[in-house]
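Report on one structure; see the data block that follows.
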Amino acid sequence: MSVTIKGSSFYFNTGLQEKSVSILKFFDWLKNIDNIDRDWPYYKLEKNPPFTRRLYLNDNDKHIAGLIISSKTNIFHHFVKKDENGKVTIEAKPVDGNPPVEINFFCVRKDSMKGIYSHYMSSYAFNLFLSELWSTYLEFVKQKKAEADQSSTTEDVNKRFTIRGIKNYGPLFTPGEFEDLIGKLQTISEVRATTYELEGADKENSSLSNNLKSVHQVFRLEGQSDNAIFNWIKSLRNKTARGLKSGKTVYSGSVVGTTNDDQEITINFTDTMDDYLGFDYDDLGTFDTENLLSHNLVKEMIKQMDEKIVFKPAN
């Protein structure tokens, strides 16, 4: 059975106000690093890592496209070909039905720093990719801080390069899509929910938040997924609603089920994520690293990012 590539959305911080360490400067720095003998991530040197990874980047006026290849061996030339002029080609070769190296693409809009990451089971994990990209940015800031004009005072340099209080990165959740996501489930095996009720006689006084009692429930289902089940889940989700001081409403629970391609997914009541790709691994084909923006998977990423409002800059 062919592997399905999922496209998860994310945001990446626009960087510090200091121009020399803006996120666009950071990606320029990444693009220009000679990675012939340098493994990803660039912020750490690890002896005998479980995976050896390399990063390749292309960009245009609007988008940044990246490719990360991973291998359990340091011998990349078996499946990553490089010609005498330095051009790198990732060649698609069958190896008993398994991919010869793990391939993960990502694409980012320059105006919003929101993007899509492609991943599949056993590949470079989504959260690990985001964490290591951010840690590499911090290393970039550290280097630029050390190179800062020595005529400036230490206090001024520290102020210009401080990362305190800035929001870094994370998955791009779309809670409004919860009902659409559960509607795509062909079977449902489990529903978890945490509801809240007030203890004591004065249940009309909702300000007594310290008297809130939580009740955790787990419901096992036998694959039902009809409208009655969907309506029950939506009603149960509403009962888990809890208001935060920020004004945001959160819902405590999750649904476990399978999609029509037999992929098991967990849909969180609050932090839901959609799949923006659904790309078949066998369709990746052979490509070179100098033309990532012309790859069909990256073209689909760009289409999604340009059409879906969630990827656009905040007002």
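Details
- Flag if Asp262 is part of a loop (DSSP other than H, G, I, E, B) and at pLDDT below 90: yes
- Here Asp306 qualifies as surrounded by fewer than 13 Cβ atoms within 10 Å (Cβ to Cβ) and farther than 30 Å from Thr194 by Cα.
- Per the conditions (1) modelled with pLDDT of 85 or more; (2) among the hydrophobic types (A, V, I, L, M, F, W, C); (3) more than 19 Å from Ser118 (Cβ to Cβ), the sole criterion not satisfied by Ile302 is (3).
- With respect to the stated conditions, Thr270 is in a loop (DSSP other than H, G, I, E, B) and over 30 Å from Val88 (Cβ atoms).
- Among residues of the range 104-147 being free of Cβ contacts under 8 Å to residues at least 40 places away in the same chain and among the hydrophobic types (A, V, I, L, M, F, W, C), the one that is surrounded by the most Cβ atoms within 10 Å (Cβ to Cβ) is Ala125.
- In the range 282-292, the residues that are in a helix (DSSP H, G or I) and surrounded by fewer than 17 Cβ atoms within 10 Å (Cβ to Cβ): Asp282, Asp283, Glu290, Asn291
- Taking the criterion of being modelled with pLDDT of 90 or more and in contact with a strand residue (DSSP E or B) (Cβ under 7 Å, 6 or more places away or on another chain), the residues of the range 305-315 that qualify are Met305, Phe311.
- Residue in the range 17-36 that is open to solvent by 80 Å² or more (accessible area, probe 1.4 Å) and aliphatic (A, V, I, L, M) present: yes
The values are calculated or read from the model by the stated rules, or taken from the named source; none is laboratory data. Since the model is a prediction, treat every value here as computed from it, not as a measurement. We place every Cβ from the backbone using ideal geometry, glycine too, and count neighbours over all the protein chains shown. Protein only, heavy atoms only, side chains kept; ligands, DNA and RNA dropped before computing areas. Shrake-Rupley method; radii C 1.70, N 1.55, O 1.52, S 1.80 Å.
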